[in-house]
Amino acid sequence: MTYANHDLERQVAEAVTTPAIARVLVVAQSPAVGATMLEEMQSDQAVRGRLLECSLTQAVADNAQAWSGLNFVVFELSNSIAEDIVAVQKIKSQGDDAPHCIAMTRDVLTDEQRARLTQTGVAEIISLPPREEQKKAPEAPTEEPHQDVVEPPLEPAASAHVSLPQEKQRGCVTVLLRARGGAGATTLAVNLAAAQADIGGAGSVALLDLDIQNGAIALAMDLPDSAEAGALIKGELPLSAAFIDRAMVRHNSGVDVLTAPDIFAPLDALSPSDVAAMITMLKDRYDHIVVDMPQAVTDWTLPVLGAAAQVILVTDTSLPSIKRTRRLIDLIGDEHMTLPVEVVVNQQQKPLRLSAALRECEALIGRSLTHWVPLDVKTARRASDLGIPIQMSAKRSRMARAITALAGRMFAPKSSAAPETTQGQHNHV
């Protein structure tokens, strides 16, 4: 892979900072979907649009609707895809002046359904997160077999030490790598862990800060740096089950956290064998382990990747970040060819349609830019100042909703997860 397009950085900057005004019509039957899309449009100065609360078939039947003046029609799929296809065909019959059609759905579509929509002229299919009411546990006890088993004790304080369960669970390890400093990987790690703990329950998720020099998880969660981790590095404590019991701290979000040490230490102060043993102990005790890594590659990077079930690579669309993303993907592939790597474009709103420059970014890293998490500066700053995860301090914000949707995809059981998106298909997170 070569980087022959020297003009890419300028194209990316123009695509991100100076987009053309897009005229959008949102057609949604569900009030919640319509409200969400309106909020997205109002937050983007490059978008001008309005909402119709009806089906696409009904919108097309309205002879007063002018389709030629629109750039995009974003519509919610109805219960009849066949009717939606007929409606799209009528819109596309406008010829070159016809707007791009983008479909939204909460359902998992079959490959045949996706193919039919694409062949009709649907440019993109956006997967929406499940309805909130579907996430609530049903009242009937027969449909919630775990309700009688989970009996959470009184929530401990944010700094209370935790006695961990000892049953064998062989948890799944998710490793977060960053393409550059300031990419927001720590914020993403904290909030992904909090989002999953909200689903799995207190004590089901461990969060491990392995950025032992510049770790910021303690600040993000208003916790102290770890004296136990500092003692381990200084050789004053052995790595053992007792160390894990003492070092892990239960946060009010339900996440058990091992923060960075309370001393400054070189990255090689941790040995590969100690890091591997620590992760093995955590896998025996938790359903999910989220590991926030330093930006530098260390002697124990590969052992951590060897224990991982997946890697989340946090980046942006600047050329330096895209280049480093490619190098990290190559590094992982050289030693762990089958390890899944998900690229997340963080702190950036996903455009309604990817520009040529963003398509080139996809070509450079060899995979789709599927996952996007927007930046809400006010929400992020308030969460940082308070030391409270966004999932707790602003649960209904755009960032929190995007991270919740991302967590649903990242932590879904592999056997029941939705089929992987193919090149050219993009989920809106």
Fill in: Verdict on ILE263 being in a helix (DSSP H, G or I) and under 17 Å from LEU223 (Cβ atoms)
no
Worksheet item: Is at least one residue of the stretch 304-317 assigned to a strand (DSSP E or B) and surrounded by fewer than 21 Cβ atoms within 10 Å (Cβ to Cβ)?
Response: yes
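Given the options ILE332, ILE312, ILE289, name the one that is closer than 30 Å to LEU239 by Cα and at pLDDT below 95.
Details: ILE312 fails: at pLDDT below 95; ILE289 fails: at pLDDT below 95.
Matching residue, one of ILE332, ILE312, ILE289: ILE332.
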Item to complete: Run SER271 past the list (1) over 20 Å from ALA308 (Cα atoms); (2) at pLDDT below 95 and report the number of the one that doesn't hold.
Response: (1)
Response to the item:
Exactly one of LEU208, LEU237, LEU223 is within 28 Å of ALA179 (Cβ to Cβ) and in a loop (DSSP other than H, G, I, E, B), and that one is LEU223
Worksheet item: PRO351 is checked against (1) within 19 Å of LEU192 (Cα to Cα); (2) touching a residue at least 60 places away in the same chain (Cβ under 8 Å) and fails just one. What number does that condition carry?
Response: (1)
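When the stretch 367-382 is examined, which residues are found to be assigned to a helix (DSSP H, G or I) and in contact (Cβ under 8 Å) with a residue 12 or more places away in the chain? Explain how you work it out, then say what you get.
To start, the set of residues in the stretch 367-382 that are assigned to a helix (DSSP H, G or I) comprises 377-382.
Listed by number, the residues that qualify are THR379, ALA380, ARG382.
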Discussion item. Would you confirm, using the coordinates I've provided, whether ALA412 is within 15 Å of the chain's Cα centre (by Cα), surrounded by fewer than 19 Cβ atoms within 10 Å (Cβ to Cβ) and either modelled with pLDDT under 95 or part of a loop (DSSP other than H, G, I, E, B) (or both)?
Written reply: yes
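Restricting to the stretch 335-352, and then to whatever is in a strand (DSSP E or B) and among the aliphatic types (A, V, I, L, M), can you tell me which residue is surrounded by the fewest Cβ atoms within 10 Å (Cβ to Cβ)?
Narrowing the stretch 335-352 to residues in a strand (DSSP E or B): 341-346.
Still in the running and among the aliphatic types (A, V, I, L, M): 341, 343-345.
Values: VAL341: 20, VAL343: 24, VAL344: 27, VAL345: 24.
In this case the residue turns out to be VAL341.
The values are calculated or read from the model by the stated rules, or taken from the named source; none is laboratory data. Just so you know, these numbers come straight off a predicted model, no measurement behind them. As a convention, Cβ positions derive from the backbone with ideal geometry for all residues, glycine included, and neighbour counts pool all protein chains shown.
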